[in-house]
Amino acid sequence: MNAVAVTIPAGWKFQSALFQGGNCATYPYAVWRATSADGQSLSELMPAMGWVWGTGPMLSFWPQQGCLPLNGPMTAQQFLVYLAKTMNVNYVADAPVPPALNAAAQQYLQQFDANLSARHVQAPKQSSELAMATVSYTKGATPMQGNLLVEVDCTQNQEAGMQTVSAVFGQGPRIVTGAPTTVNQCVAAVAYLTGPQTQFAALLQQWMSQGLGMNGVITWRNGQAAWINAWSNRQIAATQRIAQQMNAAAAAQRQAQQQQFNQSMAIQQQIHNQFLAGMQASTNASMANANAAMNARSTVTSDWVDFALDQKTVMNTNNGQVFKTSNQTTTGGGLQQVHGNGTP
């Protein structure tokens, strides 16, 4: 799929590249330069430039390598003033942006949000602003004039404060919510057209009216809107696949952990039951031994009492009645001598 289509005048030389996104300009962007045959005039789309600012504790973790040294909001026109100083050219005046360019930028933003909504992805807070400016400088002895066109696209990301558990003396644990974080990220795409001052009016008219540049629009995203949409769809689909795989892996891990937990609980219950059975058997044996010992002591004691009193204990085998009698009494006729406590 073609990423960018650029139309240039016949006889001009052309160079181009497609750059992958970085920390600030996260989307891929085209960079190209068209130079006239005499080398005096050029039209180019500069590399995308971005900066980040915001508030909150998580801002320090936001990657900012490769970003501009800007730490606050800036209008598109203010950015051109800043850029003119960086390019060492004179900022002559603001220039009106053709309504068609503004409409195209806003239309792309609406389509991008609609594309995210169709995929059930919440679109962040976004804005798009265009501005133009006339600049001048001298190339050797030749007075030069230029036109800067910038599209500044900003996105605001908000993160809720992190929740932690804090213990307060006398009150117990409580959940504490930290400060939220707001991160603003802006990307500026700049188209630059320049040539000799005496030829510049015709040069600007040629590039603005004859459909030159990126499909007739100098701004960076509109010229590659179809490719950017396809790239975004692919990124979103890849992210969703990764999320589904992570959810499936997490569910499988939770199921395995639940099975392991159930097995562990079953083993612990079995050990517990065995322990209780062993304790019960030991208790029963101990109680039986204690009863036997007590019975033995009771039997011996009762026999010693009978001996001391010169008596004996007799059971009537006919009716089971136990009674005491003289040790001299002869047993018989249904009478049987037993221990002093009545046991056989």
### Task
State, to one decimal in nm, how far the label point of Thr138 lies from the label point of Tyr82, with both points 7 Å from Cα in the Cβ direction.
3.0 nm
### Query
Using Cα pairs under 8 angstrom and six or more residues apart, how large is the relative contact order of the chain, in percent?
16 percent
#### Entry: Computed over region 284-344: relative contact order in percent, which uses C-alpha pairs under 8 Å that are six or more apart
35 percent
### Query
Between Gln257 and Asn327, what length in nm is gained on full extension when 0.36 nm per residue of separation is reduced by their alpha carbon distance?
17.3 nm
## Note on the structure
Expressed in angstrom and ordered largest first, the alpha-carbon extents of region 35-129 along the principal axes are 51, 33, 25
### Task
Extending each Cα 7 Å along its Cβ direction at Ala288 and Thr317, get the distance between those two points in nm, one decimal.
3.0 nm
### Message
Based on the alpha-carbon set only, what is the convex hull volume of the chain divided per residue, in Å³?
### Response
270 Å³
#### Entry: Simple spin-label estimate for Asn247 and Asp303 in nanometres, 7 Å along Cα-Cβ
8.5 nm
### Query
How large is the charge dipole for the chain, taken about the Cα centre, if only the Cβ atoms of Lys, Arg (+1) and Asp, Glu (-1) carry charge, to the nearest 20 debye?
260 debye
#### Entry: When the convex hull of its Cα atoms is projected in every direction, mean area for region 238-290 (nm²)
3.2 nm²
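Report the calculated FRET efficiency for Gln210 and Asp38 (r = Cβ-Cβ distance, R0 = 25 Å), to the nearest 0.05.
Numbers: r = 19 Å, r/R0 = 0.76.
Calculated transfer efficiency: 0.85.
About its Cα centre, how strong a charge dipole does region 1-152 have in debye, to the nearest 20, once Lys and Arg get +1 and Asp and Glu get -1 at the Cβ?
Dipole size: approximately 200 debye.
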### Task
Select from Ala160, Ala281, Ala201 the residue whose mean-square fluctuation is largest in a Gaussian network model of the chain (Cα-Cα springs shorter than 10 Å).
Ala281
### Gaussian network model of the chain, springs between alpha carbon atoms under 10 Å - residue of Gly178, Gly54, Gly22 with greatest fluctuation
Gly178
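Bear in mind these aren't lab numbers, they're just calculated from the coordinates by the rules spelled out. Keep in mind that this is a model prediction, so the values were computed, not measured. Here Cβ is always computed from backbone atoms with ideal geometry, including for glycine, and neighbour counts include all displayed protein chains.
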